[in-house]
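The structure appears below as structure tokens.
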Amino acid sequence: MTGEALIVLENVNKWFGPLHVLQDVDLTVERGEVVVVIGPSGSGKSTLCRAINRLEPIDSGSITFDGTPLPAEGRPLARLRSEVGMVFQSFNLFAHKTILQNVMLGPVKVRKEKPAAARERAMALLERVGIASQADKFPAQLSGGQQQRVAIARALAMQPKALLFDEPTSALDPEMVGEVLDVMTSLAKEGMTMVVVTHEMGFARHAAKRVVFMADGQLVEQAPPAEFFANPKSDRAKDFLSKIL
Ligand code: ADP
Ligand code: MG
């Protein structure tokens, strides 16, 4: 941990029509830090992730990534998207491409890597997430947990500076949650900068450096997990924890 800010949100506001979904949000994520975002459904967690990747434009405030304001369009935006990997609840793999092709595609198309080099790196990443033996299969032939591990490998293939996870295990059968969390835990240990929206409190306790609690578009409180779970300060957080723990 260098203590160097990688993602900085200052006074960020976002409306969907009359709905104020992000309200004066301030958040700093340091290089190598793992931040877990929790909160009730509809509190703005997905919007927060999407704003960091500029899948959603914000209405006011500022977001900087690695010292630069988020670009609005063009090549700089494409570069930002490759530097901030995103893993969604629905794995979004290309159904008509093999697992290997799914992982190689971004590096070849966006990063202009040579196919042979991209293939070699993709195989190494599939190895890392424990899927190398499935490289020539199609997504539908894999379990949900395997597909999500491929999605993580695909994000890593872009050599991102940070990874955003939006409820990566919510769509999985319970017996597959662990294998995905294991991959995420090992990335966290290796020093990947991660923002993780999840309901997996075990992951939050063990892998997060900081837990951020959101409710109604506000970042209500943030603290190291041991402190947050033992002693939530706000009534909203106490209420939320009483329902899920
Ligand atoms: P969370 O991920 O915490 O469940 P979201 O960020 O998905 O919350 O949504 C926050 C609020 O914004 C919710 O009330 C949701 O219905 C609303 N919302 C999300 N996306 C849109 C959209 N594209 N248009 C209008 N309202 C939206
Ligand atoms: Mg969401």
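The values are calculated or read from the model by the stated rules, or taken from the named source; none is laboratory data. Keep in mind the model is a prediction, meaning the values are calculated, not measured. Methodologically, a virtual Cβ is constructed for each residue, glycine included, from the backbone with ideal geometry; neighbour enumeration extends over all protein chains shown. Each accessible area value is taken on the protein alone, full model and side chains, heavy atoms only, with ligands, DNA and RNA left out. Shrake-Rupley method; radii C 1.70, N 1.55, O 1.52, S 1.80 Å.
If you filter region 132-172 down to residues that are open to solvent by 30 Å² or more (accessible area, probe 1.4 Å) and within 16 Å of ligand 2 (Cβ to nearest atom), you find that the one that is farthest from VAL35 (Cα to Cα) is ALA171. Could you please let me know if VAL87 is under 30 Å from THR64 (Cβ atoms), open to solvent by less than 50 Å² (accessible area, probe 1.4 Å) and within 16 Å of ligand 2 (Cβ to nearest atom)? Judged against the criteria, VAL87 is a match. Screening the candidates LEU6, LEU55 for the property of being farther than 15 Å from VAL220 by Cα, under 15 Å from the mean Cα position of the chain (by Cα) and within 14 Å of ligand 2 (Cβ to nearest atom) yields one hit, LEU55. Per the conditions (1) at pLDDT 95 or above; (2) within 16 Å of ligand 2 (Cβ to nearest atom); (3) more than 18 Å from VAL220 (Cα to Cα), the sole criterion not satisfied by PRO18 is (2). Evaluation of PRO18 against the conditions (1) at negative phi; (2) surrounded by fewer than 13 Cβ atoms within 10 Å (Cβ to Cβ); (3) away from ligand 1 (no atom under 11 Å from the Cβ) shows that the sole unmet condition is (3). Looking at ILE52, is it touching a residue at least 60 places away in the same chain (Cβ under 8 Å) and either of a type in the set (A, V, I, L, M) or farther than 30 Å from LEU9 by Cβ (or both)? Yes; evaluated as a whole, the condition is true for this residue.
Somewhere in region 99-114, is a residue open to solvent by 60 Å² or more (accessible area, probe 1.4 Å) and under 27 Å from VAL197 (Cα atoms)?
Of all residues in region 99-114, those open to solvent by 60 Å² or more (accessible area, probe 1.4 Å) come to 101, 109-112, 114.
Within this subset, residues satisfying the condition of being under 27 Å from VAL197 (Cα atoms) are 110.
Yes: region 99-114 contains one or more residues that are open to solvent by 60 Å² or more (accessible area, probe 1.4 Å) and under 27 Å from VAL197 (Cα atoms).
Out of all the residues in region 181-206, which are part of a helix (DSSP H, G or I) and closer than 23 Å to THR47 by Cβ?
The initial filter retains those residues of region 181-206 that are part of a helix (DSSP H, G or I), namely 181-189, 201-206.
Matches in region 181-206: MET184, MET201, PHE203, ALA204.
Inside region 32-74, residues that are surrounded by 17 or more Cβ atoms within 10 Å (Cβ to Cβ), more than 8 Å from ligand 1 (Cβ to nearest atom) and assigned to a loop (DSSP other than H, G, I, E, B) make up a count of 6.
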